[in-house]
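Worksheet for the structure shown next.
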Protein chains: 2
Amino acid sequence: MENFTFVSPTEFVFGRGVEEEVGQKLADRGAHRVLLHYGGRSAEESGLLDRIRRSLTNASLEFVEVGGVRPNPEITLIREAVEIGKAQGVDWVLAVGGGSVIDSAKAIANGIPLEEDVWELFETKRPNKEVLPIAVVLTIPAAGSEASKNTVISNDALGRKTGYGSDYQRPKLAFLNPELTFTLPPFQTAAGLTDMFCHLLERFFDDMGAVPVTDNLNLSLMKTVRSEAPRVLADPDNYDARANIMWAGMLCHQGLAGVGRHEDWATHALEHELSALDPAITHGAGLAVMFPAWMEYVFDENPARFAFYGQEIFGLAPTGDVRADALSAIDETRAFFASLGMPTSLGELGVEEDDIEKMLPTLKQNKGDVFGSFKKLTADDARAIYRLALGY
Amino acid sequence: MENFTFVSPTEFVFGRGVEEEVGQKLADRGAHRVLLHYGGRSAEESGLLDRIRRSLTNASLEFVEVGGVRPNPEITLIREAVEIGKAQGVDWVLAVGGGSVIDSAKAIANGIPLEEDVWELFETKRPNKEVLPIAVVLTIPAAGSEASKNTVISNDALGRKTGYGSDYQRPKLAFLNPELTFTLPPFQTAAGLTDMFCHLLERFFDDMGAVPVTDNLNLSLMKTVRSEAPRVLADPDNYDARANIMWAGMLCHQGLAGVGRHEDWATHALEHELSALDPAITHGAGLAVMFPAWMEYVFDENPARFAFYGQEIFGLAPTGDVRADALSAIDETRAFFASLGMPTSLGELGVEEDDIEKMLPTLKQNKGDVFGSFKKLTADDARAIYRLALGY
């Protein structure tokens, strides 16, 4: 078990109707002027944004709005919001939405107190302690950004998508009402389930032996996502299924499922290049394609780890052939994602063989010459994994 | 799944040698004058206290010391420390020890900014927001007080032992070095393991149906404690076993293992009266006796829950008779505690039938006429459970 530090300061307010408490909770924390940040039409049309505006007004809070965050949030809108936030003297950032909106809000909260352009943080990865406090009303459980230390931002002008991690940008308040997720379309629900599950896989497979306390917790979350996934897809208005998924989504990426381990994260790096190539590619769908391909390419480094995973999560009986057991576990993983309606090949995402060489240079820019932990990967390895993911 | 709020603001610094970072981390957080609080000889003789004094001095922090905390910490020493802390203007409380020292430190941190006597908080349970920040160097993994919202204090003059819960008294910093636990005697290690396991049982059994995300996480921790317990007892210097247990002990009582559930806590109430009766009774040993007795008394409320627990934790195969399966799970629980060297009857703790009537009045004072969730218990029920625990 490796040395580690861990802090998760987020206060979670979980359950029916909790978005009504946003204004009061922000006022209790000393907020005065809030930057209200959100995505597109759905939060407006559902009436959620109006409920939140009313809650802020009832608590005598001022607020300015920046909407229009798109999936794979882009630096241009963030820069605009930073300028507005500076000019208006906002002291909190309130994100209403899913991972894209929250990631965008994290960049904004870093950028407002900063003199330089906020993209510099994504280039240099330098620590930044002066971050405005962030609150979140979560509408899409998936990315875990409501409690995580991470944000991932796209820069279309540079053709790049890259992350920034810091405990200082973990949200201070998160409001999680499972009812807000009843209307999520099946594809988006499924992509979210895939994203959660992959956050666990990235932490479970690395170059270390067992860390039972962390591994057992990680596996318990995999079991939850796997067992609740068909319930929530079959019955989208099932409060308990939605609630279990919403809370699991947070825990999958908060950090506890990986403490004391090295973790891997190669597959996320490979997927980020897909959505940098085509912002229309949903992160979870990209992961559903890339993870089984990565698994097939790397599993021989430690087939016993995959066999154990297959036994714990898919109930596979050991055959005596640990390599065969590992391959069965990989097949089950692909089948699980497919059962959710996720794609199984790059072709289904519109990515072709010629695209691979376009992604490798920015992958190298983002991750260096060698990345990953379970197996150290080079550009040649990345090319081979993308080819496996082509599915032909 | 019930509505809940959850916050765990503690920053954990985990691993070899982390106690050397105490001074710097406290200085980074703005500490100036620290109340250093500890128990008896062991932290002095091992050199741990000297390393911490040096770390504080190296970070240019002033400190005053109050040692001598006993198991089942008593209000008299707390009052003395509060007076010293007020007089000296301390701004942080640093606990070096196990649950008793940390619980004592929590009471002190509440008491220093308070005008009234701190025992009033334990009587009235009123919220207190003005709490000095608390740091912890943990030496005994068991109580989970290094991250929990709870403290339990004894008042010998009143013959009472009672708790106080508040998110404001959760420690802000916790230093967990598994090496510091190598020298724990087997009995204390075992009592700690029992305490952890019982923190999970209290949360698992209540009057609700399944909450998969919370239940799976809870069960994952039970599995960890159960599998690491024999390793750590057979090989006390095994760093990884000690590390898994130390981190599990925190997670068992931080709160995640019960969110969205009602939880029970009747058995802790029954045990607190034992150590109020005789402060020499170790909390974990008292729990080892009382939990199986409570289980036998209440399981008919929901035998399927016990049968499920037995399958998940002890690998029991369902027999088709759910009552029999539940009883097997209870037998396994008692056998698990016995395998750690814990007592199985009140007689082994020196408690006799006549003592039962002495405990019931203070139990009523602390918990009211009815307590518990899995089954609502009255004084008559409590008497019956204590009698079952007599073991004859």
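The values are calculated or read from the model by the stated rules, or taken from the named source; none is laboratory data. Just so you know, these numbers come straight off a predicted model, no measurement behind them. A quick note on method: Cβ atoms are made from the backbone with ideal geometry, for glycine too, and the neighbour counts reach across all protein chains shown. For accessibility, only protein heavy atoms count, side chains too; no ligands or nucleic acids. Shrake-Rupley method; radii C 1.70, N 1.55, O 1.52, S 1.80 Å.
Brief remarks follow.
- Evaluated against (1) touching a His at 6+ places or on another chain (Cβ under 7 Å); (2) within 13 Å of chain A (Cβ to nearest Cβ), B:Val66 falls short on exactly one condition, (2).
Residues checked against (1) in contact with a Ser or Thr (Cβ under 7 Å, 6 or more places away or on another chain); (2) charged (D, E, K, R); (3) assigned to a helix (DSSP H, G or I):
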residue: B:Asp206; (1), (2), (3): yes, yes, no
residue: B:Asp215; (1), (2), (3): no, yes, yes
residue: B:Ser220; (1), (2), (3): yes, no, yes
residue: B:Thr224; (1), (2), (3): no, no, yes
residue: B:Met246; (1), (2), (3): yes, no, yes
residue: B:Met250; (1), (2), (3): no, no, yes
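- Within segment B:227-244, being acidic (Asp, Glu), in a helix (DSSP H, G or I) and surrounded by fewer than 20 Cβ atoms within 10 Å (Cβ to Cβ) holds for one residue alone: B:Asp240.
- Residue within segment A:22-37 that is part of a helix (DSSP H, G or I), in contact (Cβ under 8 Å) with a residue 60 or more places away in the chain and within 14 Å of chain B (Cβ to nearest Cβ) present: yes
Residue-by-condition table, conditions (1) among the hydrophobic types (A, V, I, L, M, F, W, C); (2) within 14 Å of the chain's Cα centre (by Cα):
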position: B:Ala234; (1), (2): yes, no
position: B:Tyr239; (1), (2): no, no
position: B:Arg242; (1), (2): no, no
position: B:Trp247; (1), (2): yes, yes
position: B:Leu256; (1), (2): yes, no
position: B:His262; (1), (2): no, no
position: B:Leu270; (1), (2): yes, no
position: B:Glu273; (1), (2): no, no
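- Taking the conditions (1) more than 10 Å from chain B (Cβ to nearest Cβ); (2) more than 17 Å from the chain's Cα centre (by Cα); (3) touching a residue at least 24 places away in the same chain (Cβ under 8 Å) in turn, A:Phe197 satisfies each one other than (2).
- When segment A:123-143 is limited to residues that are of a type in the set (Val, Ile, Thr) and not in a strand (DSSP E or B), the one that is farthest from A:Leu56 (Cα to Cα) turns out to be A:Thr124.
- A:Ser60 among the hydroxyl-bearing types (Ser, Thr, Tyr) and under 21 Å from A:Ala157 (Cα atoms): no
- Within the option set A:Glu357, A:Glu301, being more than 28 Å from A:Glu123 (Cα to Cα), of a type in the set (Asp, Glu) and open to solvent by 60 Å² or more (accessible area, probe 1.4 Å) holds for one residue only, A:Glu301.
- Residue satisfying all of: in segment B:200-214; more than 9 Å from every other protein chain (Cβ to nearest Cβ) and open to solvent by less than 30 Å² (accessible area, probe 1.4 Å); farthest from the chain's Cα centre (by Cα) among these: B:Met208
- The numbered conditions (1) more than 29 Å from A:Met208 (Cβ to Cβ); (2) in a loop (DSSP other than H, G, I, E, B); (3) open to solvent by 60 Å² or more (accessible area, probe 1.4 Å) are all true for A:Thr319 except (1).
Results for (1) in a helix (DSSP H, G or I); (2) crowded, with 20+ Cβ neighbours inside 10 Å, shown as yes or no for each residue.
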{"residue": "B:Val96", "(1), (2)": "no, yes"}
{"residue": "B:Ser100", "(1), (2)": "yes, yes"}
{"residue": "B:Ala105", "(1), (2)": "yes, yes"}
{"residue": "B:Asn110", "(1), (2)": "yes, yes"}
{"residue": "B:Pro113", "(1), (2)": "no, no"}
{"residue": "B:Asp117", "(1), (2)": "no, no"}
{"residue": "B:Leu121", "(1), (2)": "yes, yes"}
{"residue": "B:Ser145", "(1), (2)": "no, yes"}
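- Any chance A:Ser46 is among the small types (Gly, Ala, Ser), within 24 Å of A:Asn150 (Cβ to Cβ) and either within 14 Å of chain B (Cβ to nearest Cβ) or loosely packed, with under 15 Cβ neighbours inside 10 Å (or both): no
- Output for segment A:85-123, where each listed residue is hydrophobic (A, V, I, L, M, F, W, C), touching an Asp or Glu at 6+ places or on another chain (Cβ under 9 Å), in contact (Cβ under 8 Å) with a residue 40 or more places away in the chain and over 19 Å from A:Val136 (Cα atoms): none
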